Amino acid sequence: MKKKSQRTSSIYITEPDYHRLSALIETTRERDGVDIEYLNKLEAELDRAEIVDPQDIPENVITMRSKVRLKDLVSGEANTYSLVFPTEADFREGKISVLAPIGTAILGYKLGDVIEWPVPSGLRRLKVDQVLYQPEAAGDYEL
């Protein structure tokens, strides 16, 4: 008998994103002073992901370099973010790193999903309100 109280369904990640993120985890782990907790969370997300070809990823799934609008279910506030690799991150421009807690949290989720993610101030509940841009849906497979 399956428990339905806890989300156990897979998230979707494209094969190129999976390989780049796995390599990122390995190279980042080798550096001194890096917060291992965030790497472990990203690795856990990759471990439960369903890996798909870029052409087969549903267009409503958040992949690397996707631009999404998230609604905070507590405050009602909506924000737009682009999910990027750490070297491209710029919070002022709304570009959040996949190694940031919210970046790791949204990877692989789809339109309408509610994401619960622990943060230092408590539990954030975010709803994927809109996927404004997804590279694969736009035919950009080589980003």
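Bear in mind these aren't lab numbers, they're just calculated from the coordinates by the rules spelled out. This structure is a prediction, so every number in the text was calculated from the model and none was measured. Note that each Cβ is placed from the backbone with ideal geometry, even for glycine, and that neighbours are counted across all protein chains shown.
Can you list the residues, at least 5 places off or on another chain, whose amide H is less than 5 Å from the amide H of Q130, using H built in the peptide plane?
R69
Name the shape class, rounded, prolate or oblate, that the alpha-carbon gyration tensor gives for the chain, where a ≥ b ≥ c are the square roots of its eigenvalues, rounded holds for a/c under 1.5, and otherwise prolate holds if a/b is larger than b/c and oblate otherwise.
Rounded, since a/c falls under 1.5.
For E59 and T87, what is the calculated FRET efficiency with R₀ set at 35 Å and r taken between the beta-carbons, to the nearest 0.05?
The calculated FRET efficiency here is 0.85.
For a quick check: with amide H placed at 1.01 Å from N, whose amide H comes under 5 Å from R65's, ignoring anything fewer than 5 positions away on the same chain?
So R65 has HN proximity to L83, V84.
Pop out the ³J(HN,Hα) list for segment 43-58 in order, Karplus 6.51 cos²θ - 1.76 cosθ + 1.60 with θ = phi - 60°, rounded to Hz; leave Gly and Pro as x.
4, 5, 5, 5, 4, 9, 6, 8, 8, 10, 5, x, 5, 9, 6, x
Taking the Cα centre of the chain as the origin and placing charges on Cβ (Lys, Arg +1; Asp, Glu -1), which of A100, G76, Y18 is farthest toward the positive end of the dipole?
G76
Relative to the present Cα-Cα distance, how much length would full extension add between E116 and A137 at 0.36 nm per residue of separation? Provide the component values of the computation, followed by the final result.
Numbers: separation 21, 0.36 × 21 = 7.56 nm, distance 2.59 nm.
Going from the current span to full extension adds 5.0 nm.
Please order V61, V74, V98 by the number of other Cβ within 10 Å, starting at the fewest.
V74, V61, V98
Scan the chain and hand back the longest stretch that contains none of the GluC sites (Glu not before Pro) lying in DSSP loops with at most 14 other Cβ atoms within 10 Å.
Details: sites that count: E30, E59, E77, E142.
After excluding every exposed loop site, the longest remaining stretch is 78-141.
Just from its helices, what would the mean residue ellipticity at 222 nm be for the chain, if runs of 4 or more DSSP H residues each count -39500 (n - 2.57) and the sum is divided by every residue, rounded to the nearest 500 deg cm²/dmol?
So the calculated ellipticity at 222 nm is -7500 deg cm²/dmol.
For E77 paired with L123, estimate the spin-label separation in nm (one decimal), with each label point 7 Å from Cα along the Cα-to-Cβ line.
Calculated label separation equals 2.1 nm.
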